[in-house]
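Asker: The structure that follows is given in the form of structure tokens.
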Amino acid sequence: MAPIPVTPTLSIDDGEIAITFARSAGPGGQNVNKVESAVHLRFDVAASPSLDPWTRRRLASLAGRRMTAEGVLVIFAQSHRSQERNREDAIARLVALIAAATERPKFRVKTRPTLASQRRRIDGKVKRGAIKRGRGRVPDG
């Protein structure tokens, strides 16, 4: 079993993934009724030795409803007619999800607007208000 590369520093073992097949809906004619081309991929995030705790938590939040209460990520792929392409699609989606979970979001440093930019903003608002006030009716005089 070959490891599946996710990032240059992270790869998951092929044995950590459980793949089962089911009959697929969609195009395929009579072939749909006899060939199990849909793929159920299960990846136990909670028990995976490849992932650090921070990545596990982030993966759980990114996965949303695809994550079970036991910490198993379930991906269902049935967009292609062949079993092999659905299998590749499911693995590619898993790799993309894990890769997204490994990326640490940039820490946002709160900044305040400068005094000059605040004044420019207020001056612009005052000018705009004056323009709008000047649009009213001209009094009879």
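Asker: List the pairs whose first member sits in segment 1-17 and is closer than 18 Å to residue 101 by Cβ, whose second member is surrounded by fewer than 13 Cβ atoms within 10 Å (Cβ to Cβ), and whose Cβ atoms are under 7 Å apart, counting only residues at least 6 apart or on separate chains?
Answerer: 3/14; 4/14; 11/5; 13/1
Asker: Give me a count of the residues in segment 20-65 that are modelled with pLDDT of 85 or more, out of contact with any helix residue (DSSP H, G or I) (no Cβ under 9 Å at 6 or more places or on another chain) and basic (Lys, Arg).
Answerer: 2
Asker: Now for a different question. Step by step: first the residues of segment 66-85, then only those that are modelled with pLDDT under 90 and assigned to a helix (DSSP H, G or I), then the one that is surrounded by the fewest Cβ atoms within 10 Å (Cβ to Cβ). Which residue is that?
Answerer: My answer is 84.
Asker: Would you please name the residue that is nearest to residue 39 (Cα to Cα), looking only at residues in segment 86-101 that are surrounded by fewer than 17 Cβ atoms within 10 Å (Cβ to Cβ) and not aliphatic (A, V, I, L, M)?
Answerer: Only one residue tops the list, namely 88.
Asker: Quickly run through segment 50-65 and pick out the residues that are in contact (Cβ under 8 Å) with a residue 24 or more places away in the chain and assigned to a loop (DSSP other than H, G, I, E, B).
Answerer: Within segment 50-65, 50, 51 qualify.
Asker: Looking only at segment 88-141, count how many residues are touching a residue at least 60 places away in the same chain (Cβ under 8 Å) and hydrophobic (A, V, I, L, M, F, W, C). Working first, answer last.
Answerer: Narrowing segment 88-141 to residues touching a residue at least 60 places away in the same chain (Cβ under 8 Å): 90-91, 94-95, 98-99, 102.
Among the residues that remain, those that are also hydrophobic (A, V, I, L, M, F, W, C) are: 90-91, 94-95, 98-99.
Summing the residues that are touching a residue at least 60 places away in the same chain (Cβ under 8 Å) and hydrophobic (A, V, I, L, M, F, W, C) in segment 88-141 gives 6.
Asker: The conditions are (1) loosely packed, with under 11 Cβ neighbours inside 10 Å; (2) at pLDDT below 90, and residue 113 fails exactly one of them. Which is it?
Answerer: (2) is the only condition that residue 113 fails.
The values are calculated or read from the model by the stated rules, or taken from the named source; none is laboratory data. In this text the structure is predicted, and so the values were computed from the model without any measurement. All Cβ positions, glycine included, derive from the backbone under ideal geometry; neighbour counts span all protein chains shown.
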